[in-house]
1. Could you go through the range 428-450 and let me know if any residue there is among the acidic types (Asp, Glu) and in contact with a Ser or Thr (Cβ under 7 Å, 6 or more places away or on another chain).
2. Give the residues of the range 373-396 that are surrounded by 16 or more Cβ atoms within 10 Å (Cβ to Cβ) and over 23 Å from His484 (Cα atoms), sorted by residue number.
3. Check Asp255 against each of (1) touching a Ser or Thr at 6+ places or on another chain (Cβ under 7 Å); (2) buried (at least 23 other Cβ atoms within 10 Å of the Cβ); (3) assigned to a loop (DSSP other than H, G, I, E, B) and name the one condition it does not meet.
4. Looking at the range 60-68, is at least one residue outside the structural domain of Asn270 (by TED's automatic domain parsing), under 18 Å from the mean Cα position of the chain (by Cα) and either touching a residue at least 24 places away in the same chain (Cβ under 8 Å) or surrounded by 20 or more Cβ atoms within 10 Å (Cβ to Cβ) (or both)?
5. Can you find, within the range 416-432, the residue that is surrounded by the most Cβ atoms within 10 Å (Cβ to Cβ) among those that are of a type outside the set (Phe, Trp, Tyr) and assigned to a strand (DSSP E or B)?
6. Report the residue count in the range 259-304 for those that are more than 21 Å from Ala242 (Cβ to Cβ) and β-branched (Val, Ile, Thr).
7. Kindly indicate which of Leu88, Leu117 is under 16 Å from Thr338 (Cα atoms), part of a loop (DSSP other than H, G, I, E, B) and not small (Gly, Ala, Ser).
Amino acid sequence: MKKTTSIAIFLLFIFCISCNTSDQQYLTIKPEVLKDKIAGGWAGKMAGVTYGAPTEFRAQGRTYDDSIKWKPADIKGSMWQDDIYVQLTFLMAMDKYGIDAPAKKFQEMFAKAGYPLWHANMQARKNYFDSIFAPLSGSPEYNIHADDIDFQIEADYIGFMCPAMPNTASAIAEKIGHIMNYGDGVYGGIFVAALYSEAYVQTDIRKIIEKALKSIPQESDYYKAVKDVIVLYDHYPSDWRAAWQELENKWGNVDICGAGSPFNIDAKLNGAYIVMGLLYGQGDPVKTLEISTRCGQDSDCNPSNALAVLGVIKGFSGLPPEMQEGVKAIGDSLFIHTTYSFNSAVEATYKYAVDLISKSGGKITEKKISVIPEAPVSPSLEVSFPGLVFYRSVTVFDKSSWKFTGKWNVYQTGSEDQRHDQSMWSESAGDEAEISFTGTGISLKGNWWRDGGKADIYVDGNLSRSIDTYYFFANQQHTESIWHVTNLAPGDHKVKIVVKGEKRPESTGSRVYLTSATIFKTEPKHNEDFKFSFEK
């Protein structure tokens, strides 16, 4: 759809600014228009995630240049997408406990849901069952995925229900976001929610982005990454690939989760791809989808967010007819693991929007909804891993770095004729594994499995904490960071793992598996002095 057509449609349904006798300024919208825009947001989310799904993480540190084959009937695949059903779990928690329920209630419902999780979400679930509750469950002390994309892809419903009310959205986002994230990870969700909140008010995509940025701290790296996209767009207005390369040069290696590899699930880089798709897409749904997908990395989530923004701007009725038909065809089908369909999610989101508007001082009548617009205020600055950068990885089979004492065994994986050493494990109380390293942080990787047991971790002779490596929720088991520490003084350190020979009741064993260690160092001015090629 052409940009001029988009504006014409918007002007047909536009908010009208009016003042009542007490000079209170309102933004007014017809109930059917508000519902249409909410439906557009959900539909954009569904279409976008299925458009990019075949490309997810197929391009890491590069653009995706293969053909993208998508048809509106593919929207049916959104029924099985975690981008949808995870956030609907939080909507279901609102239904059950109320929108003002404590974060622990939302974390509980999310943790006990019967589906697999990954990264920050999985750690938040693990933390719940280890009695580490929000906001600690998302904190960098207990979640090495604190800056990951998880909340960013689950905050849509918050923005959808907060038209022109970014502060109301931020208050909800701060509570839910800290279940699994912190710092830039939370700001990603706040920013996305603010995009939707502002998309109710105007059509100018750049203005929407710049206004949404006011909802997060200027000092945050997330803010800086998005601002960089705007700078790059101004310099390369017709060459998104040149802008992408400049962005990659600066922000491509900031992911703590994927440290040492081209894999990047960090919220700020993927958030920058959302913005790149919006700016270079220029209001065209197909062009927006293609660019945000071809930027790579988490390339189903990013086009999903980008098209949802256009969905709110245009409304469901303003999306391409074939997309509308694709959504209508499954409108009453339930998303897996939820009690919601597209149609019922739109109705519930509309109901919460009306309630929030009323609670915020707005007025609701049968023919008109009047919203008091909020001037965005950013939260205080949080930094998950200040200055932390990848230094090196050390496998447990590197005898120059690791020392094992006791009855440690080699665990092998692979087919019978292609076995390879995967990890070292022990279940004997008192067995020790020790690693010496130089740096300011370390993450120990091992296997979270159904037979996982407990261990004590010591740093430079002092007990850090005890860990439990059992994990088999939703029949899932993983090689994962089983413990980490950052903010150590620069220099030499020693970490010791002492097996306890103990387990939780549901575990089938008391094994502690170790696969490797990722070592970090600190560069306080990392990225601060970076200049784009045209600035040098």
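The values are calculated or read from the model by the stated rules, or taken from the named source; none is laboratory data. For clarity, every value in this text was computed on a predicted model and none was experimentally measured. All Cβ positions, even for glycine, are placed from backbone atoms using ideal geometry, and neighbour counts span all protein chains on display.
1. Yes, the range 428-450 contains at least one residue that is among the acidic types (Asp, Glu) and in contact with a Ser or Thr (Cβ under 7 Å, 6 or more places away or on another chain).
2. If the condition is that a residue be surrounded by 16 or more Cβ atoms within 10 Å (Cβ to Cβ) and over 23 Å from His484 (Cα atoms), then Pro373, Glu374, Pro376, Ser378, Pro379 are the ones that fit.
3. (1) is the only condition that Asp255 fails.
4. Yes, the range 60-68 contains a residue that is outside the structural domain of Asn270 (by TED's automatic domain parsing), under 18 Å from the mean Cα position of the chain (by Cα) and either touching a residue at least 24 places away in the same chain (Cβ under 8 Å) or surrounded by 20 or more Cβ atoms within 10 Å (Cβ to Cβ) (or both).
5. Ser426
6. Final tally of qualifying residues: 2.
7. Only one candidate passes the filter, namely Leu117.
Per-residue answers, yes or no, for (1) of a type in the set (D, E, K, R); (2) out of contact with any Asp or Glu (no Cβ under 7 Å at 6 or more places or on another chain); (3) in contact (Cβ under 8 Å) with a residue 24 or more places away in the chain:
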{"position": "Gly185", "(1), (2), (3)": "no, no, yes"}
{"position": "Ala193", "(1), (2), (3)": "no, yes, yes"}
{"position": "Val201", "(1), (2), (3)": "no, yes, yes"}
{"position": "Asp204", "(1), (2), (3)": "yes, yes, no"}
{"position": "Glu219", "(1), (2), (3)": "yes, yes, yes"}
{"position": "Asp228", "(1), (2), (3)": "yes, yes, yes"}
{"position": "Val231", "(1), (2), (3)": "no, yes, yes"}
{"position": "Glu246", "(1), (2), (3)": "yes, yes, yes"}
